[in-house]
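Undergrad: Sending over a structure as structure tokens; questions will come in a sec.
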Amino acid sequence: MSSSTQRPEPPYRRIVAEVRARILAGELRPGDRMPSIRQIAQRWSVAVATATKAMAALRDEGLVETKVGSGTVVGARAGAKRPAGPATPPRPRQAGGPQQALSREQVLRTAVAIADVEGLDAVSMRRLAAELGVGPMSLYRHVANKDELVTQMADEIFGEAELPDPGPEGWRAKLELVARRQWELSRRHLWLPRAVSLTRPLPVPNMMAHTEWTLRALDGLGLPMTTRIREALTLHTLVISLALSMAEEIEAEQETGVSLDRWQRADELLRSGRFPLLAAFPEVTVADLDGLFEYGLARHLDGFAVLLEDHRGR
């Protein structure tokens, strides 16, 4: 086949080749943090899926590795001398010894571990199969596709938050409890808010149990079911919206190396004198998302208490 008719190299292989060259040249050393999936997509002007594929190939070659708390870094043995010439595609992992049947829990826990460290975009059927040392087709006995996988992952996480029966005394204490449990889950699993749909929730048991528990917390108040459902959804929206902001801020800080308070201090508009009230507020007010959550929760429940009083009066 002539060079004019050869198929072009896939974009992800170009990214892999460039990163490999930088590692072998010593520009990237073992332990150095790798760019995030989003940064790779932006730097090479490719889709997130292509960037994810490139990172998976680098991992399969042993050039990068994932460390809890650090993200993806250059592998400890990545600087070793390698033969010159074009690299061969990575070989699939071989499972040692007899192949053991996968369980649904293994699949979900491995997927959750990937998402916790690298984000939801890094989770794919191919990547998950590689981590488990099996062929991708083995996964389809447990989940039909990635969408279902992500939904099942979220349901697994909601199962971590035990909700007591009957719970604390009073509707307010109950709503505080369920909201704080969901906030804690979102802090531990930053990808979780992206996996939850408020308008089209799927019928999965642990998520449904949270909604059912919240509705039951409003028993005996004389409220119509429409109001109770709106309250359950609004309370959940409060948690999810703040959790999304928290996840985005943590990701932005990891990608840029600039914390929120440093970013605010560098804002020229705030330093221009045009907005003296905005410039005067303490930087920690915005950076303290836990405090913002507690403030939002308290003010929301104050408003719901007023609604209850109005309902009783009528």
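Undergrad: Just to be sure I understand the filter: pairs with C-beta atoms under 6 Å, separated by 6 or more residues or on different chains, first member in the range 17-34 and without any contact (Cβ under 8 Å) to a residue 12 or more places away in the chain, second member of a type outside the set (V, I, T) and open to solvent by less than 50 Å² (accessible area, probe 1.4 Å). Which pairs pass?
TA: Correct list of pairs: R22/L28.
Undergrad: Residue under question is E255, and the condition is that it be part of a helix (DSSP H, G or I) and modelled with pLDDT under 90; does it hold?
TA: For E255, the condition - part of a helix (DSSP H, G or I) and modelled with pLDDT under 90 - is met.
Undergrad: Across the range 13-27, what is the total count of residues that are of a type in the set (D, E) and either open to solvent by less than 30 Å² (accessible area, probe 1.4 Å) or in a helix (DSSP H, G or I) (or both)?
TA: Taking the range 13-27 first, the residues of a type in the set (D, E) are 18, 27.
From what's left, either open to solvent by less than 30 Å² (accessible area, probe 1.4 Å) or in a helix (DSSP H, G or I) (or both): 18.
Summing the residues that are of a type in the set (D, E) and either open to solvent by less than 30 Å² (accessible area, probe 1.4 Å) or in a helix (DSSP H, G or I) (or both) in the range 13-27 gives 1.
Undergrad: Related question: Looking only at residues in the range 165-181 that are modelled with pLDDT of 90 or more and in a loop (DSSP other than H, G, I, E, B), which one is most open to solvent (accessible area, probe 1.4 Å)? Please lay out each step first, then the result.
TA: Let us first name the residues in the range 165-181 that are modelled with pLDDT of 90 or more, namely 168-181.
Subset that is in a loop (DSSP other than H, G, I, E, B): 168-170.
Numbers: P168: 41, E169: 170, G170: 33 Å².
Selected residue: E169.
Undergrad: To continue, here is another question. Could we say that A266 is modelled with pLDDT under 75, touching a Leu at 6+ places or on another chain (Cβ under 6 Å) and either charged (D, E, K, R) or open to solvent by 50 Å² or more (accessible area, probe 1.4 Å) (or both) here?
TA: Numbers: modelled with pLDDT under 75: yes; touching a Leu at 6+ places or on another chain (Cβ under 6 Å): no; either charged (D, E, K, R) or open to solvent by 50 Å² or more (accessible area, probe 1.4 Å) (or both): yes.
No; evaluated as a whole, the condition is false for this residue.
One line per residue, one yes/no per condition, for (1) of a type in the set (K, R); (2) over 16 Å from the mean Cα position of the chain (by Cα); (3) closer than 21 Å to A179 by Cα:
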position	(1), (2), (3)
S124	no, no, no
L128	no, no, no
G135	no, yes, no
L139	no, yes, no
K146	yes, no, no
D155	no, no, yes
A161	no, yes, yes
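Undergrad: Return yes when E184 is touching a residue at least 40 places away in the same chain (Cβ under 8 Å) and either acidic (D, E) or farther than 30 Å from E309 by Cα (or both) and no when it is not.
TA: The answer is no for E184.
Undergrad: Out of the range 214-249, which residues are open to solvent by 40 Å² or more (accessible area, probe 1.4 Å), touching a residue at least 24 places away in the same chain (Cβ under 8 Å) and part of a loop (DSSP other than H, G, I, E, B)?
TA: Scanning the range 214-249 gives a single hit, G222.
Undergrad: Restricting to helices (runs of 4 or more DSSP H) lying wholly in the range 52-159: which have 3 or more residues that are modelled with pLDDT of 90 or more and either open to solvent by less than 80 Å² (accessible area, probe 1.4 Å) or of a type in the set (F, W, Y) (or both)?
TA: Working: elements: 104-118, 125-132, 146-158.
Counting at least 3 such residues, we get 104-118, 146-158.
Undergrad: Cβ-Cβ distance below 9 Å, separation of 6 or more or different chains: which pairs start in the range 131-142 with a residue that is closer than 25 Å to V64 by Cβ and of a type in the set (V, I, T) and end on one that is open to solvent by 40 Å² or more (accessible area, probe 1.4 Å) and not in a helix (DSSP H, G or I)?
TA: Within 9 Å, the pairs are V134/R93; V134/A95; V134/Q99.
The values are calculated or read from the model by the stated rules, or taken from the named source; none is laboratory data. Bear in mind the structure is a predicted one, so any value in this text is a computation, not a measurement. Heads up, the Cβs are rebuilt from the backbone with ideal geometry, glycines too, and the neighbour counts pull from every protein chain shown. Ligands, DNA and RNA are excluded from the accessible area calculation, which covers all protein heavy atoms including side chains. Shrake-Rupley method; radii C 1.70, N 1.55, O 1.52, S 1.80 Å.
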